[in-house]
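Here the structure is laid out as structure tokens; the discussion comes afterwards.
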Amino acid sequence: MSEFDLIIIGAGPAGMSAARTAADGGLRALLLDEQAQPGGQIYRNVGQNRSARGWLGAEYASGARLVDALDHPLVTVESGATVWRLEAGPRVVWSRGGTSHIAAAPHVVLAGGAQERPVPFPGWTLPGVMTAGAAQILMKTAGMLPRDAVLAGSGPLLYLVAAQMIDAGCPPKALVETQTTRMMLGALRYLPKAAFAAGMFLKGLGLIRKISAAGVRRYTTASDFNATSDASGMIHFSFHSKGKRESLTCALLLTHQGVIPSTHLSRAAGITHEWNAAQVAFQPAHDFWGATDQPGLHVAGDGAGIGGAEVATASGELTALNILHASGHNSADVRNQRAAAAGATLFRARAIRPFLDAAYPPPIEVLSPPDDTIICRCEEVSAGAVRQGMSEGAQGHRQIKTSLRVGMGACQGRMCDATVRGILSAGKTSRMGQIVPPRARSPIKPISLGELATLTSDQEETV
């Protein structure tokens with residue numbers, strides 16, 4: 001008999017919320033997370049920082065309540081745990097310190113969150129060029145501030161990071177934004193629905209006002225990114241903006257073009273995925289409660305579709321309430337009554353997504369970059385090499401991977417799958433959903449052969 005009623009993979013807002021809700025209802029929950037501390041990307045290290053680093057904002061500090069809520073006798077947290085396989089049963093295989101463990105439970109919630117969309121352009125692999133999310137990790141975990149930095153791309157996170165840098169006393173040198181007037185005008189039709197999320201909308205306007213008040217220069221309608229570096233390590237970043245070629249010199253170039261669901265584990269588990277045209281990404285198909293078409297497997301948070309912290313927290317609660325019902329711990333009426341508040345939060349928080357998705361879409365040159373751009377950082381394969389392979393007959397992810405080794409490196413396609421799909425469809429989002437996602441196979445994270453050899457097919461649970 002399993003020691004747990006529920007296994008949750010990922011200790012971000014969705015996973016933490018699901019664990020506490022399930023435990024309050026009487027379920028024994030095992031929470032597995034790859035990081036050293038719970039919090040996920042949004043609330044990374046918040047249990048240690050709390051409000052000490054005020055420049056991260058009050059909303060960040062509020063995540064400490066979710067970490068504190070894990071202090072429950074029915075919640076077991078295993079940090080530093082890398083899940084590399086999900087088997088029928090379901091059984092979860094995870095690794096820590098070179099040793100793999102197996103845990104089983106009637107229900108598994110995948111709450112692995114999201115990853116930043118790759119932003120490939122000539123020079124994006126240079127030292128000093130990194131994602132805005134990576135810079136935020138350094139800010140949250142080590143208190144390292146990105147000084148003399150330029151922010152480039154689009155999306156709400158770009159404004160949030162800029163505002164945090166301003167409050168920390170190291171404002172960005174400039175914001176180089178790819179959104180166009182046409183995109184913003186196209187998003188206006190979603191404004192009436194966005195009114196249900198008026199608080200989030202006003203928060204965004206507040207961030208933009210702060211950036212303007214700090215005197216940070218903004219370049220919009222930017223395209224044709226290119227970065228080079230000199231002997232001193234400084235980055236020379238050039239781009240087109242409103243018909244002119246512009247150039248900036250900086251120590252750091254932080255890029256961002258939104259986030260997409262992390263789907264390696266859900267795809268490896270055989271869950272059906274569907275194309276989200278508005279967010280230009282695949283996501284696992286699921287119902288209102290996070291249930292999937294695989295028995296015992298559920299999804300919650302940004303890994304089930306991008307929505308942000310509020311959506312993730314609410315969806316984790318809803319998923320746990322449904323699992324409590326399926327386990328016989330509450331009736332359908334009780335589940336529905338308790339779900340009312342979380343459901344209302346979900347509706348309000350999602351109301352702004354159509355506006356954001358239309359206002360800040362990834363530009364075509366990010367989805368399908370020019371030939372001289374490295375798109376597979378692990379194997380150093382260029383966009384031109386992929387197009388050459390296509391001209392010689394390679395079609396689809398599998399043949400591109402087999403012929404060029406794209407996606408066969410340590411990241412296992414996390415940094416290049418989306419770009420290969422963009423190149424295969426010539427950057428046309430209307431065609432991307434027709435390209436089947438590549439198969440994901442275990443181990444979905446690298447482990448040693450020695451560690452693998454210690455496992456046997458009939459091994460008993462070790463947790």
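Could you grab me the full set of residues in segment 297-325 that are among the polar types (S, T, N, Q) and open to solvent by 10 Å² or more (accessible area, probe 1.4 Å)?
Correct list: 313, 315, 322.
Within segment 127-146, can you find the residues that are touching a Gly at 6+ places or on another chain (Cβ under 9 Å) and assigned to a loop (DSSP other than H, G, I, E, B)?
Answer for segment 127-146, where residues must be touching a Gly at 6+ places or on another chain (Cβ under 9 Å) and assigned to a loop (DSSP other than H, G, I, E, B): 127, 128, 145.
Residue by residue, here is whether (1) open to solvent by 30 Å² or more (accessible area, probe 1.4 Å); (2) modelled with pLDDT under 90; (3) not β-branched (Val, Ile, Thr) holds:
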{"site": "401", "(1), (2), (3)": "yes, no, yes"}
{"site": "405", "(1), (2), (3)": "yes, no, yes"}
{"site": "413", "(1), (2), (3)": "no, no, yes"}
{"site": "416", "(1), (2), (3)": "no, no, yes"}
{"site": "420", "(1), (2), (3)": "no, no, no"}
{"site": "425", "(1), (2), (3)": "no, no, yes"}
{"site": "428", "(1), (2), (3)": "yes, no, yes"}
{"site": "431", "(1), (2), (3)": "yes, no, yes"}
{"site": "436", "(1), (2), (3)": "yes, yes, no"}
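Of the conditions (1) touching a strand residue (DSSP E or B) at 6+ places or on another chain (Cβ under 6 Å); (2) under 18 Å from residue 413 (Cα atoms); (3) surrounded by fewer than 23 Cβ atoms within 10 Å (Cβ to Cβ), residue 282 clears all except one; give me its number.
So the condition that residue 282 fails would be (3).
Could you please let me know if residue 152 is within 24 Å of residue 243 (Cα to Cα) and modelled with pLDDT of 95 or more? Walk me through how you get there before you give the answer.
Details: within 24 Å of residue 243 (Cα to Cα): yes; modelled with pLDDT of 95 or more: yes.
Yes; evaluated as a whole, the condition is true for this residue.
Return the only residue of 335, 348 being over 24 Å from residue 405 (Cβ atoms), in a helix (DSSP H, G or I), out of contact with any Asp or Glu (no Cβ under 6 Å at 6 or more places or on another chain) and free of Cβ contacts under 8 Å to residues at least 40 places away in the same chain.
Details: 348 fails: free of Cβ contacts under 8 Å to residues at least 40 places away in the same chain.
Exactly one of 335, 348 is over 24 Å from residue 405 (Cβ atoms), in a helix (DSSP H, G or I), out of contact with any Asp or Glu (no Cβ under 6 Å at 6 or more places or on another chain) and free of Cβ contacts under 8 Å to residues at least 40 places away in the same chain, namely 335.
Just a yes or no: is a residue in segment 122-132 modelled with pLDDT of 95 or more, within 30 Å of residue 6 (Cβ to Cβ) and either touching a helix residue (DSSP H, G or I) at 6+ places or on another chain (Cβ under 7 Å) or charged (D, E, K, R) (or both)? Please lay out each step first, then the result.
Taking segment 122-132 as the starting set, the residues that turn out to be modelled with pLDDT of 95 or more are 122-132.
Filter once more, so that each one left must be within 30 Å of residue 6 (Cβ to Cβ): none.
No: segment 122-132 contains no residue that is modelled with pLDDT of 95 or more, within 30 Å of residue 6 (Cβ to Cβ) and either touching a helix residue (DSSP H, G or I) at 6+ places or on another chain (Cβ under 7 Å) or charged (D, E, K, R) (or both).
Just the residues that are farther than 30 Å from residue 235 by Cβ and touching a Leu at 6+ places or on another chain (Cβ under 9 Å), please, taken from segment 264-282.
To start, the set of residues in segment 264-282 that are farther than 30 Å from residue 235 by Cβ comprises 264-278, 282.
Correct list: 265, 266, 268, 269, 270, 271.
Evaluate segment 338-361: report whether one residue or more is more than 16 Å from residue 114 (Cα to Cα), touching a strand residue (DSSP E or B) at 6+ places or on another chain (Cβ under 7 Å) and open to solvent by 20 Å² or more (accessible area, probe 1.4 Å).
yes
Let me spell it out: the conditions are (1) closer than 28 Å to residue 411 by Cβ; (2) open to solvent by 50 Å² or more (accessible area, probe 1.4 Å); (3) at pLDDT below 95; (4) not polar (S, T, N, Q), and residue 52 meets all of them except one. Which number is the exception?
(1)
Just the residues that are outside any strand (DSSP E or B), surrounded by fewer than 22 Cβ atoms within 10 Å (Cβ to Cβ) and not small (Gly, Ala, Ser), please, taken from segment 94-118.
Taking segment 94-118 first, the residues outside any strand (DSSP E or B) are 97-98, 105-106, 111-113, 117-118.
Checking which are surrounded by fewer than 22 Cβ atoms within 10 Å (Cβ to Cβ) leaves us with 97-98, 106.
106, the sole residue that qualifies.
The values are calculated or read from the model by the stated rules, or taken from the named source; none is laboratory data. Nothing here was measured: the structure is a model prediction, and the numbers come from that model. Cβ coordinates were reconstructed from backbone atoms using ideal geometry, including for glycine residues, and neighbour counts include every protein chain displayed. SASA here: full protein model, heavy atoms, side chains in, ligands and nucleic acids out. Shrake-Rupley method; radii C 1.70, N 1.55, O 1.52, S 1.80 Å.
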